[in-house]
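Quick notes on the structure that follows.
The values are calculated or read from the model by the stated rules, or taken from the named source; none is laboratory data. Since the model is a prediction, treat every value here as computed from it, not as a measurement. Counting neighbours? That spans all protein chains shown, and the Cβs are built from the backbone with ideal geometry, glycine included. Protein only, heavy atoms only, side chains kept; ligands, DNA and RNA dropped before computing areas. Shrake-Rupley method; radii C 1.70, N 1.55, O 1.52, S 1.80 Å.
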Amino acid sequence: MLFRSQEWIDTPARIAGLSDGVRVADLALEAESACALLEDWSVWCWSEGAAPARVDEREYHSIASGPGRTCGVSVENAVYCWGAGFTQWYGNTGRGNGGDRPIELDRFGLVGPDEPIAVGKEHVCLSYRHGVYCYGSNRQGQIGDGGSRAPERLAERVAVRGLGYPNWGQAIIDALPGDLGGDRAYLEISELAANENGSCAIVYARVVACWGEAPLLRPDGSDDPAYETPVLLTFNR
């Protein structure tokens, strides 16, 4: 349901103002705004009381939203983010724009159209070439690098330990079916998701791995929920 002006709207309401005749391919939602990726690869965003407006003239493969901000992978294989002055805590400029103008976060050599992206409160994670890379705060292990980096906000991309070709974690390899024949090049990141301070990835549609302040319980029963490296949550055989 939607919430507007202290009243619940419990029936679907059409969002007027999106590009006529072009179907919606994907949605990215956060608490106070929403964005739509259309089939013509344009991205449109809106908030309460405002009509949808196109973010920029770029075309995007994918989009994802987190608290107060949205990121997208453009067809030129660049990652752009906008909203809530995100560059105050990550990005290649360190200058928060505090508005809706997309700022380039990183430019990859090749990002496929189906590569997932996840946005947290102070971190962003992206699948790239059989691996996961993250940016942003590392205070709760959000970068997933085993704590080798300082907890301050990082601008550069960092590979999540054990979730990248060719250095896959042995626990993940052991959990996967034998029909892979030991060829780690076939491992794919099927999906990424993030909460405020943690992330999870699905590897080869079989293994769930989480890091940071993810929804996990420590085996020793301790209260600290933060993991600095990915922990296998469950298996799907």
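Key figures for this structure:
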| quantity | calculated |
| --- | --- |
| Listing of strands (runs of 3 or more DSSP E) fully contained in segment 8-80 that carry 3 or more residues being surrounded by fewer than 16 Cβ atoms within 10 Å (Cβ to Cβ) | 24-29 |
| Conditions (1) open to solvent by less than 40 Å² (accessible area, probe 1.4 Å); (2) modelled with pLDDT of 75 or more; (3) in contact with a helix residue (DSSP H, G or I) (Cβ under 8 Å, 6 or more places away or on another chain); number of the one not met by Cys134 | (3) |
| Pairs, first of a type in the set (Phe, Trp, Tyr) in segment 193-210, second surrounded by 24 or more Cβ atoms within 10 Å (Cβ to Cβ) and at pLDDT below 90, C-beta under 6 Å, six or more apart | none |
